[in-house]
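Working notes, structure below.
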Amino acid sequence: MRQKEVFSHDLCDNEANESFERLVLQDARLVKPILRERFLKDYILGTGDADEAFNMYCSAFSVDRRTPVRMAVIKPDRPSSYDDLFYIKNTAGGYLGEDRVILNTSMQDCTLLITDKLSEKEMDELLQHIAYVVRECYDMDIISVYSRMIPIQDAPETFKRMRACTEYSFYSESARVICESDIKISRDSVTLTPQYSGIEEAVSSGNENKTLVLLEEFFSELERSMPTPAVAKTYCLELYVCIIRCCETDKIDIYMKGIVSIQEGRSFNEIKEFIKTKAAEIARSNTPKNINIYSSLIKDTIRIIDENIGNEKLSLRWIASTILYTNVDYLGKIFKKETGMNFSHYVMEKRMELAKTLIMEGKKDRIYEVAEKVGYGSNSQYFSQVFKKYTGISPLEYKEITRLSSKNKLNSDSKKATAF
């Protein structure tokens, strides 16, 4: 009888132990994801003893520090709330699947995914799909940056780089899923020397075409340099202030409100198009509608310029003293008031446009001949400098571009003729 009691007691103990083991294992399965997230977050964010947290993670989950993983940072394209990150995290986890997730968590202002199962193509497709679902279901755009395969020990530095990369989607409206290696972040401060004065003069004189050409040069240089969005916006604000100084006094308050559009602009292209639109609008308002609005004095001055554009001696003083017999300062003041341009700038533009025509038509084969024809005498070097500043390329480059353009047109016409 005693043996039966002992046997029954041992059986109960065994069942209790097995039950306890099952409970421990079950709890471990529930706790392990929490521990993994805690260890990895502390390591990546550098919270507390980050190295110790990473060592505990590697030990608890039997992970080699050099295990290759791929990371993705997903960030709302607007100031984010807890709910925003919650929706993104759940959507990402649902489509990635538990068996492929090492980490799926909210980190600062974004969601971080870590996996060792996806190729670059698979990661790109996954993030595109997440972006589509989040936009359709939660009316929210997101920016995603993913890494190449990296050792998991490099996760902290990679996370910092990818968060920085999310800012650079500012330069591309179309690419909302970006591979980190496709973005070249400028490590040094960007210093540009924009020609604000030239743009301001073009707007003030009502030269819309020249305004748009100079603005395109400005934005191209800014995009090539690719400063941080904050720095890019600073340059754009400086430019915009120069432009709106050229508008009518009673409209300046209206245009000043546009500063907010630049400060809050979500993309480089959005800000670029806004500034170009406003600049063209102001330039058009400054354009003289007809030469008939000029006084007889300025009409005569413009006629003399046209007739003497190739004269090296052409100057405001020369016209005032030898032809019109008027005070040079008075003539300069009236000329600027009515045309919106300084006399010297007006003449330079006339000469450069004539030079472009001569080169394009091939009427002068040599650059020094063009220089002589447009009033620069034997100083072809100075002519070349002015031409490059005005057009952005040298006379020789302009000549070559014109030649190639003509050749391509001839080939195109020839192919059309053959087709008929």
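Computed from the coordinates by the stated procedures, all read-outs in this text should not be read as laboratory data. These numbers were taken from a predicted model, which means no experiment stands behind them. Quick reminder, even Gly has a Cβ in these numbers, built from the backbone with ideal geometry, and neighbours come from all protein chains shown.
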Exercise. What are the semi-axes of the equivalent ellipsoid for the range 129-180, taken as the square roots of 5 times the Cα gyration tensor eigenvalues, largest first, in whole Å?
Worked result: 23, 13, 9
Exercise. In terms of the ratio Rg/(2.2 N^0.38 Å) built on C-alpha atoms, what value belongs to the range 203-261?
Worked result: 1.22
Exercise. Taking a ≥ b ≥ c as the square roots of the eigenvalues of the Cα gyration tensor of the range 145-288, is the shape rounded (a/c under 1.5), prolate (a/b larger than b/c) or oblate?
Worked result: prolate
Problem set entry | Sequence ranges 53-63, 272-282, ranked by mean other-Cβ count within 10 angstrom, highest first | 272-282, 53-63
Exercise. Does the range 289-341 come out rounded, prolate or oblate by the C-alpha gyration tensor, with a ≥ b ≥ c the root eigenvalues, rounded set by a/c under 1.5 and, if not, prolate when a/b is larger than b/c and oblate if not?
Worked result: oblate
For this session: Please label the shape of the range 105-151 as rounded, prolate or oblate, based on the square roots a ≥ b ≥ c of the eigenvalues of the alpha-carbon gyration tensor (a/c under 1.5 means rounded; beyond that, a/b larger than b/c means prolate, else oblate).
Result: oblate
For this session: For the range 27-108, just the Cα atoms, rotate onto the principal axes and tell me the three extents in Å, largest first.
Result: 38, 27, 27
For this session: Return an integer: the convex hull volume of the alpha-carbon atoms of the range 89-172, in Å³ per residue.
Result: 102
For this session: Averaging sequence separations of C-alpha pairs under 8 Å and six or more residues apart, then dividing by the length of the range 73-212, give the relative contact order as a whole percent.
Result: 22
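So for the range 68-113, averaging the separation of alpha carbon pairs under 8 Å that are six or more residues apart and normalising by length, what relative contact order in percent results?
Taking the mean separation of contacting Cα pairs over the length of the range 68-113, I get 49 percent.
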Exercise. How high is the relative contact order of the range 188-254, in percent, with contacts defined as C-alpha pairs under 8 Å that are six or more residues apart?
Worked result: 40
For this session: Which order do the peptides 197-209, 230-242, 303-315 take when ranked by the mean count of other beta-carbon atoms within 10 Å per residue, highest first?
Result: 197-209, 230-242, 303-315
